[in-house]
Amino acid sequence: MSLHFAALLRRHGLLVAFALFLALVAVQAEAFLTPSNVLDVLRQVSIIGMMALGVTFVVVAGRLDLSVGSMLTLLTVIVVDRTNAFGPGLAILVTLLAGLAAGAWNGLLVGVFRLNALIVTLAMLSFLQGLTLAYSGGSNVNVADGTTWFAAFGRGSLWGIPAPVVIFALSAAVLAFVLKRTRFGRAIFAVGGNETAATYSGIDARLVVFAAYCLSGLTTAIAAIIMGSRVMGAQNTIGQGYELTVLAGVILGGTSLLGGSGSIGRTVLGVAMLGFIQNGLLLMGYPYYVQWLVTWGIIILAVWIDLGAKRGRILA
Amino acid sequence: MTTPILTVAGITKTFPGVRALSDVSFDVRPGEVHALVGENGAGKSTLMKVLAGLHQPDAGRIVHHGREVAIASPLDARTRGILLIHQELSLSPELSVAENIYLGAWPTNRFGILRKRAMREAAAAALEALGCDFGPDVRVGTLSIARQQMVEIARAQAFNANLVIFDEPTASLTEAERAQLFATVAQLRSQGVGIVYISHKMDEIFSITDRITVLRDGTVQGTVETAATDVDSITRMMIGRDLSSYFHRARADFGEETLGIEGLHVPGLVHGVDLSVRAGEVLGLYGLVGAGRSELVEAIFGIRRASAGRMRWRGREIPLPTPRQAVDLGLALVPESRKEQGLVLGLGGRDNITLPHLARFSTLGVMRPGAETRVFDRFRDELSIKTTGPDQPVGLLSGGNQQKFVLAKWLCAEPRLVILDEPTRGIDVGSKSAIHELIAGLAEQGLAVIVISSEMPEVLGVSHRILTMADRRITGSFTGDEMTEETLIGAVSAGPAALPSAAE
Ligand SMILES: Nc1ncnc2c1ncn2[C@@H]1O[C@H](COP(=O)(O)OP(=O)(O)OP(=O)(O)O)[C@@H](O)[C@H]1O
Ligand SMILES: [Mg+2]
């Protein structure tokens, strides 16, 4: 009996702690669990969440993507600048293609040429930062025409639900299906779980990893469109540090960094948890920097639990 | 009567959904080799992991040297002198032999600095005592499996173990290495060490053990003196029924050639191999470990790139395939190492079975779980696999049950040629004969079958024709009456030059 309880706590300990936290904040700050605040938090996390969806595929495939933060910056600059040049329709197309290309480049190096994912994507982070500055010439860009329908993605809403939340939810649903129920998803799990066995099963691991990175580029492009539309402009630092927050959300959900396990649902949960914790801390009056310290603590906790579960599985 | 080194009484251990051990009692005496036998998943490894501190029992007592003890961790077990030599070896390939012997218990001085010299010397002494032909400074990754095993045994020597547990130690050893291992076991035994010996090989059990304890479904069926029993009664205790014929050879009814290989060359690994196998034929590939058999079939399957070679597939000349193309043509390769090459341990049995055939089990890229579950159910019943369900990660299964999933994975898509690399390694006697029957059945359905095995009786028992390999070349081809132990041994030990007939 006590054993089952321990197992339950190990599996859902974070969730229990999170529920306690929600209750605690709700008591102290009345505004916390009101529909408008909840929707607000969800809107705030939808950009991070959007990126985390693609990164989840990469992580389940046993790799990492640390380039998504500066990729977001570049793509946001592109979508804003191209909206001024071509109008929103073409700008969005160009942005999606650019995101795909950036992801494909990572995928080529990590998947096909088998270079170390950490190094490749860290280098990419720096490269894309440089590219952003070269592209923008160092100055911020703004959407010139304030009345364009481009504003809908970040500022619009559907039946009272903010458009970013709608886009995030739809994408999460589609990608959850892809990861769980399709051939591609199964191949991702196999490659992340045991690449050799996947190869012996006729699965081309290079291609699978390549595709995972392409997807990560694509979801980052969608995030950039939401971001550009929300801000109606872009600074050269707009996505700085996002790669870590994204990874934190993925890990917090319980997707293992070792690859071979995880799910989109978990990632959505992890990202939402991050959002509510940060929002709760603000509402309780803690200074902004406390969020960062708490996030650190949460990540260590999540990784520790993940490791504990793994060790339990191997030895116990 | 001597007092036992170790007595366990009433041990029970459950995992979610499985009762692996229930009320298990047995004892080990000093200077005794005690066999532990039972079907795959009977609980042998689990029981030994309890003794080695890897699992904590839910109930029961362990008495060691007359005192009741709780074995908290592997290190605790080791300091008590209890040492488990794992079913799958567990050394650190990057460390030296000496460092591995003392892994986790490195001798240090009072400043916490590693006492390298002392460690080296003690390790060298242990290796010397066992008659090992390598020194303490060699990197473990460069040693053969048999020598790695000696490193684990040297640990027992170095820590003055009083109880050594061998979990299927001979699964990947050659005949000579096996003899060497038995000599070592005898040596430990004469030092008064108690030994628990787990194996599925009856000949071993009957040649080196003093008593036998039979486990079935986690319960002890009985403990008997080896001298007072025989293979049949032990088998009956294990599986609860009689085993009729051990080997079953397929009817010899051959069709056209399924696969032909000419001049296959993989630099450094396979030298100019020709072979041909027909529909309905079982071709045995016999050789010692390291002869190049696995490399040969991996090249055929496209896992290794061949530098030269031609391939005929059902009468047509085709380029050497990639693994994907090989699967699609109808080739199946049951690889040698189930954990590394065979299975994704974190996935369930169902997902593992369908992994090579995702297209077949999906529509427009979407998997059909119903169809997947149906094959899972079919093979679970056909091969009597012990698992709690389609989603139970295969990493949690016993070694033999994992092997059955590897077989299921390759048989489920009706291939035309099945290559089996050591298909019965770690499989219990009952399932072993079931697999031999399966092989015969496949051939009788018109499949071509290639069986690699290091077990002489197995190759002789199931094959219609046997190719021998030594030193990465084919050294002989034998059929009918030519297939005897003597001819095979001659063909794998003499070089190719000494042999009149080459492969066909
Ligand atoms: N860590 C674990 N979690 C869940 N189930 C487990 C775990 N370890 C073992 N089992 C289950 O316990 C049972 C006994 O397994 P065990 O490995 O002891 O069998 P075994 O007798 O050694 O078999 P084999 O001859 O195939 O090696 C099996 O049903 C197995 O699936
Ligand atoms: Mg076992």
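The values are calculated or read from the model by the stated rules, or taken from the named source; none is laboratory data. Since this is a predicted model, take the numbers as computed values, not measurements. Cβ coordinates were reconstructed from backbone atoms using ideal geometry, including for glycine residues, and neighbour counts include every protein chain displayed. Accessible surface is based on the protein model in full, side chains and every heavy atom, while ligands, DNA and RNA are left aside. Shrake-Rupley method; radii C 1.70, N 1.55, O 1.52, S 1.80 Å.
Listing for the model above:
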{"quantity": "Count of region B:392-437 residues which are of a type in the set (A, V, I, L, M, F, W, C), over 13 Å from B:Arg350 (Cα atoms) and part of a loop (DSSP other than H, G, I, E, B)", "calculated": "3"}
{"quantity": "Strands (runs of 3 or more DSSP E) wholly inside region B:1-87 that include at least 2 residues being among the hydroxyl-bearing types (Ser, Thr, Tyr), assigned by TED's automatic domain parsing to the domain that holds B:Glu168 and touching a residue at least 12 places away in the same chain (Cβ under 8 Å)", "calculated": "B:6-15, B:18-28"}
{"quantity": "Any hit, region A:74-91, residues being under 17 Å from the mean Cα position of the chain (by Cα) and not hydrophobic (A, V, I, L, M, F, W, C)", "calculated": "yes"}
{"quantity": "Some residue of region B:273-280 being of a type in the set (A, V, I, L, M, F, W, C), closer than 16 Å to B:Asp421 by Cβ and open to solvent by 70 Å² or more (accessible area, probe 1.4 Å)", "calculated": "no"}
{"quantity": "Filtered residues of region B:347-397 (kept if surrounded by 23 or more Cβ atoms within 10 Å (Cβ to Cβ) and either more than 12 Å from chain A (Cβ to nearest Cβ) or within 16 Å of ligand 1 (Cβ to nearest atom) (or both))", "calculated": "B:Leu347, B:Gly349, B:Arg350, B:Asn352, B:Phe376, B:Ile385, B:Thr387, B:Val394, B:Leu397"}
{"quantity": "Test result for A:Leu269, away from chain B (no Cβ under 14 Å), under 17 Å from the mean Cα position of the chain (by Cα) and open to solvent by 30 Å² or more (accessible area, probe 1.4 Å)", "calculated": "yes"}
{"quantity": "Among (1) at pLDDT below 90; (2) more than 16 Å from ligand 2 (Cβ to nearest atom), the one test that B:Val429 misses", "calculated": "(2)"}
{"quantity": "Conditions (1) modelled with pLDDT under 90; (2) farther than 18 Å from B:Lys432 by Cβ; (3) surrounded by fewer than 20 Cβ atoms within 10 Å (Cβ to Cβ): number failed by B:Arg304", "calculated": "(1)"}
{"quantity": "In region A:165-183, the residues that are open to solvent by less than 60 Å² (accessible area, probe 1.4 Å) and within 18 Å of B:Leu358 (Cβ to Cβ)", "calculated": "A:Val178, A:Leu179, A:Thr182"}
{"quantity": "Options B:Arg155, B:Arg147, B:Arg178: the member that is more than 16 Å from ligand 1 (Cβ to nearest atom) and more than 27 Å from B:Met456 (Cα to Cα)", "calculated": "B:Arg155"}
{"quantity": "Flag for B:Ala434 being out of contact with any helix residue (DSSP H, G or I) (no Cβ under 8 Å at 6 or more places or on another chain), touching a residue at least 24 places away in the same chain (Cβ under 8 Å) and either within 14 Å of another protein chain (Cβ to nearest Cβ) or among the hydrophobic types (A, V, I, L, M, F, W, C) (or both)", "calculated": "yes"}
{"quantity": "Top-ranked residue in region A:187-235 [being within 9 Å of chain B (Cβ to nearest Cβ) and assigned to a loop (DSSP other than H, G, I, E, B); ranked as nearest to B:Glu336 (Cα to Cα)]", "calculated": "A:Ser201"}
{"quantity": "Residue in region B:231-249 that is over 27 Å from the mean Cα position of the chain (by Cα) and open to solvent by less than 60 Å² (accessible area, probe 1.4 Å) present", "calculated": "no"}
{"quantity": "Residues that are more than 16 Å from ligand 2 (Cβ to nearest atom) and open to solvent by 10 Å² or more (accessible area, probe 1.4 Å), drawn from region B:398-421", "calculated": "B:Leu411, B:Ala413, B:Glu414, B:Pro415, B:Arg416"}
